1. Pick from 134, 150, 95: which is most flexible by mean-square fluctuation in a GNM of the chain where alpha carbon atoms under 10 Å apart are linked?
2. Between residue 151 and residue 164, what length in nm is gained on full extension when 0.36 nm per residue of separation is reduced by their alpha carbon distance?
3. Averaging over all projection directions, find the projected area of the Cα convex hull of the chain and quote it in nm² with one decimal place.
4. Could you work out, for the stretch 1-103, what percent of all Cα-Cα pairs fall into each 5 Å distance bin, beginning at 0 Å and stopping at the bin that holds the largest distance?
5. Under a 10 Å cutoff between Cα atoms, tell me which one of 105, 88, 187 has the largest fluctuation in the Gaussian network model of the chain.
6. Between the stretch 140-213 and the stretch 16-31, how far is it from one alpha carbon centroid to the other, in angstrom?
7. In a GNM of the chain with a 10 Å cut-off on Cα contacts, which of 28, 125, 192 has the highest mean-square fluctuation?
8. If I take R0 = 22 Å and measure r between the Cβ atoms of residue 70 and residue 171 in this structure, what FRET efficiency does the formula 1/(1 + (r/R0)^6) give, to the nearest 0.05?
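Throughout, read-outs are computed from the coordinates displayed, never taken from laboratory work. Just so it is clear, the structure is predicted and the values come from calculations on it, not from any experiment. Cβ sites come from the backbone with ideal geometry, for glycine too, and all protein chains shown count toward neighbours.
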Ligand code: B1M
């Protein structure tokens, strides 16, 4: 569909305002939200990702593409929300220490909110101490950790260890995700759950809540 291709192309050139207008245009034309996200926004971001990997584009271009992606996602947010849903539980989410990638984390947050979770967004480059103090002070049921770099994945293990040290490990579930993360890695570090994408993360969070009871 032309509008989806246009969203992807304009995202790649970082035209945030145009992307926003095109996303609105697609919504007005009743293009399914899932298609706008996957065939428009994520498609464009994935092409940028490949070009970044091959040194065809560099950090500044990727940053402006990411800004365009976030702008487009803002418009989709209301469509993920189920109306009249009671709070399913409280979650704190962040990208782990040393890691500044936030698009996937923002998407997970959006899907969690859509399922009725109260989400405390701690942002990026979040220390284990901040995850633990927030979980403790705000009574979070789940800590959600995102990592995009192989070099920052190890920070997830530090959060699990910090929860144990703080004596809250049996009161809080820990979910991990992000491109380099796998279920194997989740097992290795002793986290409770892994999800491959944002929609599965929201479903997994509902499962975790039933385990807490
Ligand atoms: Co960076 N970067 N980046 N980058 N960047 C990657 C991740 C990389 C794979 C690119 C590449 O070389 N091919 C590579 C990592 C290599 C590696 O570690 N193996 C890389 C690198 C190397 C770097 C720098 C080191 C580059 C440099 O400076 N030389 C640097 C590191 C900075 C830092 O963090 N300290 C860096 C910087 C940046 C920008 C700032 C320019 C920008 C981030 C902007 C922003 O986020 N606001 C950026 C971007 C945009 C990318 C790529 C191109 C796109 C990432 C993205 O947003 N994808 C990425 C290449 C790629 O992924 N193809 C790349 C879309 C997003 C929706 O997907 O985040 O995977 P993702 O989220 C998915 C799932 O993973 C999952 O749900 C989402 C889908 O539904 N998910 C979860 C995510 N979190 C979850 C949590 C869950 C469950 C599921 O539960 C809690």
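1. Ranking 134, 150, 95 by mean-square fluctuation puts 150 first.
2. On the way: separation 13, 0.36 × 13 = 4.68 nm, distance 2.26 nm.
So the chain would gain 2.4 nm between residue 151 and residue 164.
3. Working: hull surface 47.4 nm².
Averaging across all directions leaves 11.9 nm² for the Cα convex hull.
4. Per 5 Å bin, starting at zero, the Cα-Cα P(r) for the stretch 1-103 comes out as 2, 13, 21, 20, 16, 13, 10, 4, 1, 0 percent.
5. Sorting by GNM fluctuation, first place goes to 187.
6. Rounded to whole Å, the Cα centres lie 34 Å apart.
7. Sorting by GNM fluctuation, first place goes to 28.
8. Values: r = 33 Å, r/R0 = 1.49.
Efficiency at R0 = 22 Å is approximately 0.10.
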